[in-house]
Amino acid sequence: MRPRTISARRVPAHLRRAAALALILAGAASTGVPAAAASARAAPDAGTFAAVAWSWPVEAFRLERGYVAPAHRYGAGHRGVDVRPAPGSVVRAPADGIIAFSGRVGDRPLVTIRHGGGLVTTLEPVDAAVAPGERVRAGTPVGAVAVGGHADPGTLHVGIRLDDEYLNPLSLLGGVPRAVLLPCC
């Protein structure tokens, strides 16, 4: 019996992108190259950036709401994660990039960063300390948690897209850091 082949045109675009990202991340793991570097391809407005690992945009936080993939492109879901940082936390760039937008969209202040290779991060609500066109390195302060949008007051929504398809941010940020228990008494 001959194996059946499927035309790439018959596979939905979001599944092709997910498979491509999985191959990129698998290749990065096997070569020891950080995933962000392995997925880097030049974007016309982003240039190329040094290979760095992705990091959380806030240091200490509690995961409030996880990623929920929609059933289809326009379906209900939660296209990112919401975290509750410690009061007074600074919001930082999770990877090298260029500030694509900082300002208000409707009732929410946000910051959008283009990382090259089709990857874009949106952080909201954030009172921006950066301007569009600014280059940022991983860990550069971009603002402070504000109020507005769909996120609960005091929380930060982190969304990541690859070629306009939302990804689970945990796939690039390496999951939620382990809790550290302190000795009592």
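The values are calculated or read from the model by the stated rules, or taken from the named source; none is laboratory data. What you see is a predicted model, and the numbers here were worked out from it, not measured in a lab. Glycine also receives a Cβ, built like all others from the backbone with ideal geometry; neighbour counts cover every protein chain displayed. For accessibility, only protein heavy atoms count, side chains too; no ligands or nucleic acids. Shrake-Rupley method; radii C 1.70, N 1.55, O 1.52, S 1.80 Å.
Here are the numbers for the structure shown:
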read-out	value
Some residue of the stretch 168-181 being assigned to a strand (DSSP E or B) and touching a Leu at 6+ places or on another chain (Cβ under 7 Å)	no
Residues being touching a residue at least 40 places away in the same chain (Cβ under 8 Å) and not in a strand (DSSP E or B) - total across the stretch 107-133	3
Cβ pairs under 6 Å, 6+ apart, first in the stretch 148-159 and in contact (Cβ under 8 Å) with a residue 40 or more places away in the chain, second part of a loop (DSSP other than H, G, I, E, B) and surrounded by fewer than 14 Cβ atoms within 10 Å (Cβ to Cβ)	Gly148/Asp107
Selection from the stretch 137-165 of residues that are more than 15 Å from the chain's Cα centre (by Cα) and part of a strand (DSSP E or B)	Pro141, Gly143, Ala144, Val145
Looking only at the stretch 65-81, and only at residues there that are open to solvent by 40 Å² or more (accessible area, probe 1.4 Å) and either of a type in the set (Phe, Trp, Tyr) or under 16 Å from the mean Cα position of the chain (by Cα) (or both), the one that is nearest to Val120 (Cα to Cα)	Arg79
Which numbered condition Leu23 fails, given (1) modelled with pLDDT of 50 or more; (2) closer than 18 Å to Tyr166 by Cα	(1)
Residue that is at pLDDT below 85 and either part of a loop (DSSP other than H, G, I, E, B) or surrounded by 13 or more Cβ atoms within 10 Å (Cβ to Cβ) (or both), where the choices are Arg84, Arg104, Arg41	Arg41
Residue check for Val90: over 26 Å from Val136 (Cβ atoms), open to solvent by 30 Å² or more (accessible area, probe 1.4 Å), at pLDDT 85 or above and aliphatic (A, V, I, L, M)	no
Every pair of residues 6+ apart whose Cβ atoms lie under 8 Å, when the first sits in the stretch 62-76 and is over 14 Å from Pro169 (Cα atoms) while the second is in a loop (DSSP other than H, G, I, E, B) and not aliphatic (A, V, I, L, M)	Pro70/Gly77; Pro70/Arg79; Ala71/Gly77; Ala76/Pro70
